[in-house]
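To keep things clear, I will list the structure first and then write my remarks on it.
The values are calculated or read from the model by the stated rules, or taken from the named source; none is laboratory data. For clarity, every value in this text was computed on a predicted model and none was experimentally measured. For neighbour counting, all protein chains shown are included, and Cβ atoms are generated from backbone atoms with ideal geometry for every residue, glycine included.
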Amino acid sequence: MQKVFTSWSGGKDSCYACYKAIQSGLDVRYLVNMMDEKGEWSWVHRIPLDVLKQQSQAIGIPLVHSPSTMPTYEDDFKKVILELKKDGVEGGVFGDIDLDEHREWVERICSVSGVTAHLPLWGLSQDDIMADFISLGFEAIIVAHNEKYFGEEWLGRKVDSDFLAHLSELAKETDITPCGEAGEYHTLVIDGPVFNQRLEILETENRYNNGYWFLEIQKSELKDKY
């Protein structure tokens, strides 16, 4: 059984990819997240480190996090992989679906680092991914989105059948993709089949920056599921 890490954003695609990897027999040993320069917030999704640690605890897989900047992101990521290799990690799991430049980056990084790239979602229908994610019992909320597609009121909403219906309507008039693969929206997974505890979001604040709305989580906690 190959030991691997999952490139972890905290959102639905990385979580679903992790789940698929486990189901396929891979031994997911670590969740890897690249943080901002101060190590306080995750890149893109802007999820605080404490929340990522709570996810890690709820799932039972250790979180490896590293501060980074945009110019040094690639080198910093490779450094993390090389450290994990010392513990026997031989591969990495990524949640990319259909953007060729993303796959090329992932495969190049893994190749030069001497590990195998696994992309369990690659080439799958985005509609099928969303439907399966929900039917499996995963729960996620919207933590960031492009104002071109969503108003502020969508922050914190669940990714559910109502959200899928709204996406279908948006697709009639815009170029939005169901999984938000082009950065239209980002999510935080709070529960699901790989979670032993549920993540409860208690306090938040809405922030706006350069065309994007962000749900900044101020307080959260883990709760038993049963």
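Observations
- Qualifying residue in region 17-29 (condition: β-branched (Val, Ile, Thr), crowded, with 20+ Cβ neighbours inside 10 Å and within 13 Å of the chain's Cα centre (by Cα)): no
- Any chance Trp213 is aromatic (Phe, Trp, Tyr), at pLDDT 95 or above and either touching a helix residue (DSSP H, G or I) at 6+ places or on another chain (Cβ under 8 Å) or on the phi > 0 side of the Ramachandran plot (or both): yes
- Close Cβ contacts (under 8 Å, 6 or more residues apart or on different chains) running from residues in region 145-163 that are at positive phi to residues that are surrounded by 12 or more Cβ atoms within 10 Å (Cβ to Cβ) comprise Gly156/Ile141; Gly156/Ile142; Gly156/Val143; Gly156/Ile201; Gly156/Thr204; Gly156/Leu215.
- Within region 51-90, tally of residues that are touching a helix residue (DSSP H, G or I) at 6+ places or on another chain (Cβ under 9 Å) and among the small types (Gly, Ala, Ser): 2
- Residue among Glu203, Glu221 that is surrounded by fewer than 17 Cβ atoms within 10 Å (Cβ to Cβ), more than 30 Å from Ile22 (Cα to Cα) and among the charged types (D, E, K, R): Glu203
- Any hit, region 49-67, residues being of a type in the set (D, E, K, R) and modelled with pLDDT of 95 or more: yes
- For region 35-52, the set of residues classified as among the aliphatic types (A, V, I, L, M), without any contact (Cβ under 8 Å) to a residue 60 or more places away in the chain and crowded, with 19+ Cβ neighbours inside 10 Å consists of Met35, Leu52, listed by residue number.
- Selected residue [within 17 Å of the chain's Cα centre (by Cα), closer than 30 Å to Lys86 by Cα and either of a type in the set (A, V, I, L, M, F, W, C) or modelled with pLDDT under 95 (or both)] from Val159, Val143, Val115, Val194: Val194
- Only a single item in (1) closer than 22 Å to Glu181 by Cβ; (2) touching a strand residue (DSSP E or B) at 6+ places or on another chain (Cβ under 6 Å) is not met by Gln23, and it is number (2).
- Annotation note: of Ile81, Ile61, the sole residue that is β-branched (Val, Ile, Thr), surrounded by 16 or more Cβ atoms within 10 Å (Cβ to Cβ) and within 17 Å of the chain's Cα centre (by Cα) is Ile61.
- Top-ranked residue of region 1-16 - restricted to ones that are among the small types (Gly, Ala, Ser) and assigned to a loop (DSSP other than H, G, I, E, B), ranked as surrounded by the most Cβ atoms within 10 Å (Cβ to Cβ): Gly10
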